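Undergrad: Here it is: the structure, laid out below.
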Amino acid sequence: MQVIVNTNENINGTLVLPLWQDSKNMASGSESGVHRSLKNQIENILAEGDFKAKAGTAMTLAGTDGGKALLIGLGKEEDATLQSMRESGAKVTASRGKIHGKMLTVKFHGMKDEHMAAFVEGMILRDYSYDNYKTKDEDDDSDDGEINVHVTCEDEKHAALEAAADISSAVATGVHLARDLGNAPPNDLYPMEFARQAIEFGKAHDNVDVKVINYDEARTMGMGGLVGVGMGSYRKPCMVIFEINGDKPGPSPCIVGKGITFDTGGISIKPSPSMDEMKYDMHGSATTFGVMQALVASGHKDRVIGLTCMAENMPSSNAQRPGDVITTYSGKTVEVLNTDAEGRLVLSDGLWYAGTHLNPSYMIDLATLTGAVVVALGHEASGLWSNNDELLNNIKTAGDHCGEIAWPMPLFKAFEKEMTDSKIADVRNLGAGRWGGSNTAAAFLKQFVPNMEGTDDQIPWAHLDIAGTAWGAKTNKLVKNGATGIHVRTLHHLITGL
Ligand code: BES
Ligand code: ZN
Ligand code: ZN
């Protein structure tokens, strides 16, 4: 979608009119440039109360010689939030359809800067579909080409809205990249293919450096977690490290992603129903890559690190077994009691490598780690754990701002104790019972956060369990279906303040 913010009165294509609930007429000033017969039609509809403009509603007008219009309900002005405005903007894109074509003109009038910006952001974010694998009907060109949106507002608000729209467009490239990666089928997106795409991304940008630790190197380096999970697959595991603006001094934010390109469960194999959804088990890595893209596109100038732990969790004669004891990159040993608790194993090496080699100011990992977090929070929020209250609050605030809720969860000592009482190793990869599974998983990860150099204090670290938010959230109005690109915007906002 191309968004052009201007102040002229021309209406290009369909007129899109955002309206507060129970508006009885068009806001004075917003009618300029609207053909008289279309204006009369709209005024009649509003005066009669035939369109109440409740949040989430839309009405298409067509058939007059005054052009077409799309009325969008914003709900009550006093109830408006950034998220409700994003959702209203998304409604424009969702209800556009063939009737309105690819050219729209949104007319704002008398609206707050941040409300207009959020509306435009919602329009841009919702403009996504994954059709790489659909055979194109050569005779149907209705889906060809970009949507062009002209946005008009008062002169004095123009510059701020244009700047906000530019940032939203940049960040959306990261969200949409994360969604593309998440939606990609697992036969085509496997660990080294993800690495290949990351290397291409590095080559395309002067300020991006990408390094890949391949399977042989991971073995030599003693990355027993990554190797243990990935060795059962013909498609071997790897670690991908992104560095943006590496010439700038650190310490810098570091994002770490779980990248299981398919999770069968391994020898502790999962049941068949919905197993296809385990292609999304790499969404942590998709978000990490998406954040890198968003930062580059928005012109971020400081150093940022991304690291993804890529593996395919398969059963085979070469797969790890329940009962195996592995030595992770940290030197700590882990008793593998369930091969389906694999995300924590690959992340143990990722967190330790990031903390000891990449000079992070803080580390945030994202992982579709547990079914238990979906039991706890449904699809409405990601679980958020941290060893540092300030980092936790900053992530929570950034998530609230972006409408991507991250909900604080506990790191009780009892959970750490439960995960470190293996009879034969330092740590066990499975809780002692079935309760609190997302908390014990977080407590496991905490064992692999190194201390800050020369201190007894751990590096500030946070863990986001995105198993409920990475896909399947029917209430997410910015996403029609499939991978959501969750937390690309949260982390971009956290890192840049934009
Ligand atoms: N990738 C899954 C977690 C998952 C399950 C995400 C369902 C989204 C939906 C993870 O690797 C896993 O299998 N976790 C196990 C852990 C258990 C064996 C301790 C789980 O949650 O059942
Ligand atoms: Zn698993
Ligand atoms: Zn998994």
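Undergrad: Exactly one of (1) away from ligand 1 (no atom under 16 Å from the Cβ); (2) touching a Leu at 6+ places or on another chain (Cβ under 7 Å); (3) closer than 27 Å to residue 371 by Cβ is unmet by residue 231. Its number?
TA: (2)
Undergrad: Of the conditions (1) more than 16 Å from ligand 3 (Cβ to nearest atom); (2) of a type in the set (Ser, Thr, Tyr); (3) touching a residue at least 12 places away in the same chain (Cβ under 8 Å); (4) not in a loop (DSSP other than H, G, I, E, B), residue 397 satisfies every one except a single condition; which number is it?
TA: (3)
Undergrad: Turning to a different aspect of this structure: Can you confirm whether region 345-353 contains a residue that is assigned to a loop (DSSP other than H, G, I, E, B) and in contact with a helix residue (DSSP H, G or I) (Cβ under 7 Å, 6 or more places away or on another chain)? Quick ask: steps written out before the conclusion?
TA: Initially, region 345-353 is screened for residues assigned to a loop (DSSP other than H, G, I, E, B), giving none.
No, region 345-353 contains no residue that is assigned to a loop (DSSP other than H, G, I, E, B) and in contact with a helix residue (DSSP H, G or I) (Cβ under 7 Å, 6 or more places away or on another chain).
Undergrad: Also, I was wondering about something else. I want to confirm something. Restricting to region 266-279 and keeping residues that are surrounded by 15 or more Cβ atoms within 10 Å (Cβ to Cβ) and within 24 Å of the chain's Cα centre (by Cα), which single residue is farthest from ligand 3 (Cβ to nearest atom)?
TA: 279
Undergrad: Ok, one more. Pairs needed: first member in region 77-92, surrounded by 23 or more Cβ atoms within 10 Å (Cβ to Cβ); second member anywhere, β-branched (Val, Ile, Thr) and not in a loop (DSSP other than H, G, I, E, B); C-beta distance under 7 Å; at least 6 residues apart or different chains.
TA: 88/72; 89/120; 91/72; 92/16; 92/72
Undergrad: So how many residues does region 472-493 have that are surrounded by fewer than 24 Cβ atoms within 10 Å (Cβ to Cβ) and farther than 11 Å from residue 404 by Cα? Quick ask: steps written out before the conclusion?
TA: First pass over region 472-493, keeping only residues surrounded by fewer than 24 Cβ atoms within 10 Å (Cβ to Cβ): 472-477, 479-482, 493.
Imposing the further condition that a residue be farther than 11 Å from residue 404 by Cα reduces the set to 472-475, 477, 479-482, 493.
So the count comes out to 10.
Undergrad: Which of the strands (runs of 3 or more DSSP E) found entirely inside region 57-142 contain at least 3 residues meeting this: under 24 Å from residue 155 (Cα atoms)? Give the derivation first.
TA: Values: elements: 58-61, 69-73, 103-107.
The qualifying strands (runs of 3 or more DSSP E) are 69-73, 103-107.
Undergrad: A follow-up question, please. Only residues in region 400-425 that are modelled with pLDDT of 95 or more count as the first member; pair them with residues that are surrounded by fewer than 18 Cβ atoms within 10 Å (Cβ to Cβ), Cβ under 6 angstrom, at least 6 apart or cross-chain, and list the lot.
TA: If the second residue must be surrounded by fewer than 18 Cβ atoms within 10 Å (Cβ to Cβ), the pairs left are 418/432; 425/325; 425/333.
Undergrad: Just to be sure, is residue 365 more than 12 Å from ligand 1 (Cβ to nearest atom), in a strand (DSSP E or B) and crowded, with 24+ Cβ neighbours inside 10 Å? Explain how you work it out, then say what you get.
TA: Working: more than 12 Å from ligand 1 (Cβ to nearest atom): yes; in a strand (DSSP E or B): yes; crowded, with 24+ Cβ neighbours inside 10 Å: yes.
Yes: the conditions hold for residue 365.
Undergrad: Another one. When residue 316 is evaluated against the numbered criteria (1) within 16 Å of ligand 2 (Cβ to nearest atom); (2) crowded, with 24+ Cβ neighbours inside 10 Å; (3) polar (S, T, N, Q), which criterion, by number, is the only one it fails?
TA: (2)
Undergrad: List, please: which pairs have Cβ atoms under 7 Å, are six or more places apart or on different chains, and start with a residue in region 209-224 that is part of a loop (DSSP other than H, G, I, E, B) and end with one that is among the aromatic types (Phe, Trp, Tyr) and surrounded by 15 or more Cβ atoms within 10 Å (Cβ to Cβ)?
TA: Partner pairs satisfying both residue conditions: 222/329; 223/329.
The values are calculated or read from the model by the stated rules, or taken from the named source; none is laboratory data. From a predicted model like this one, the values you see are computed outputs, not experimental measurements. Positions of Cβ are backbone-derived with ideal geometry, glycine not excepted, and every protein chain shown enters the neighbour counts.
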